[in-house]
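A.B. asks: Dropping a structure here in structure tokens format, bear with me for questions.
The values are calculated or read from the model by the stated rules, or taken from the named source; none is laboratory data. Keep in mind that this is a model prediction, so the values were computed, not measured. All Cβ positions, even for glycine, are placed from backbone atoms using ideal geometry, and neighbour counts span all protein chains on display.
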Amino acid sequence: MTPGLYPSVDETRGSGHDVSLLDEIMDACSQGLIVFLANKALRQPQSYRLAFRELGLAIGLCALPIIADTIAKDESRFGSRPGLQGAVDILLRYESVAEEIISFWFPHAQQQDKSWQAHQNINDVMLATALVPELFLSVGERVPRPAERRQDPPAG
């Protein structure tokens, strides 16, 4: 990525840009989820569904309490944002959809049926993440990438 082309989260922190983006994302998520559920996508036959896509939704729904908690604890950063809080509140009402999705796909993973095997690698990763989201989801501390953790050998 070209330096300076996109600001990092650290560069925008405190400026309101990242909070505004979160506000927009949460609003779009709440609207999208309502439409998705209204279309009864989770009631379709398995052959019309993709496990990794639905498990991604489940992971996002599992992240909601973490996001809500962060907003509640950091009023200096998030301030009074009724739109953001409203969108998060709407999404929190659908938290149980995550369990519904996981419960639907878990037996398919155990049985290794054809629909699961068609995308097994990503399905397995998404199911594992959905089952223990607290191991993968966090807000705040940035974990360095492996390349950033490497140290140059001592000169000598």
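Okay, residues lined up against (1) surrounded by 14 or more Cβ atoms within 10 Å (Cβ to Cβ); (2) at pLDDT 80 or above; (3) touching a His at 6+ places or on another chain (Cβ under 7 Å); (4) not hydrophobic (A, V, I, L, M, F, W, C):
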position: 1; (1), (2), (3), (4): no, no, no, no
position: 9; (1), (2), (3), (4): no, no, no, no
position: 18; (1), (2), (3), (4): yes, no, no, yes
position: 43; (1), (2), (3), (4): no, yes, no, yes
position: 57; (1), (2), (3), (4): yes, yes, no, no
position: 79; (1), (2), (3), (4): no, no, no, yes
position: 84; (1), (2), (3), (4): yes, yes, no, no
position: 88; (1), (2), (3), (4): yes, yes, no, no
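A.B. asks: So in the stretch 20-41, with the set limited to residues that are over 21 Å from residue 85 (Cβ atoms) and of a type in the set (Gly, Ala, Ser), which one is modelled with the lowest pLDDT?
C.D. replies: Going through the qualifying residues, I end up with 41.
A.B. asks: Only residues that are in contact (Cβ under 8 Å) with a residue 40 or more places away in the chain and either part of a loop (DSSP other than H, G, I, E, B) or among the acidic types (Asp, Glu) (or both): list them for the stretch 20-48, please.
C.D. replies: At the first step, the residues of the stretch 20-48 found to be in contact (Cβ under 8 Å) with a residue 40 or more places away in the chain are 22-23, 26-27, 29-30, 33-34, 37, 42, 46-47.
Scanning the stretch 20-48 gives 23, 27.
A.B. asks: So is residue 97 under 20 Å from residue 31 (Cβ atoms) and at pLDDT 75 or above or not?
C.D. replies: Here the answer is yes, as residue 97 does meet what is asked.
A.B. asks: If you don't mind, another one. Output yes when any residue across the stretch 61-75 is over 23 Å from residue 129 (Cα atoms), at pLDDT 90 or above, out of contact with any Lys or Arg (no Cβ under 8 Å at 6 or more places or on another chain) and among the charged types (D, E, K, R), and no when none is.
C.D. replies: Within the stretch 61-75 (the criterion being over 23 Å from residue 129 (Cα atoms), at pLDDT 90 or above, out of contact with any Lys or Arg (no Cβ under 8 Å at 6 or more places or on another chain) and among the charged types (D, E, K, R)), the answer is no, since none of the residues qualifies.
A.B. asks: Output the residues belonging to the stretch 45-55 that are crowded, with 17+ Cβ neighbours inside 10 Å and among the aliphatic types (A, V, I, L, M).
C.D. replies: 51, 55
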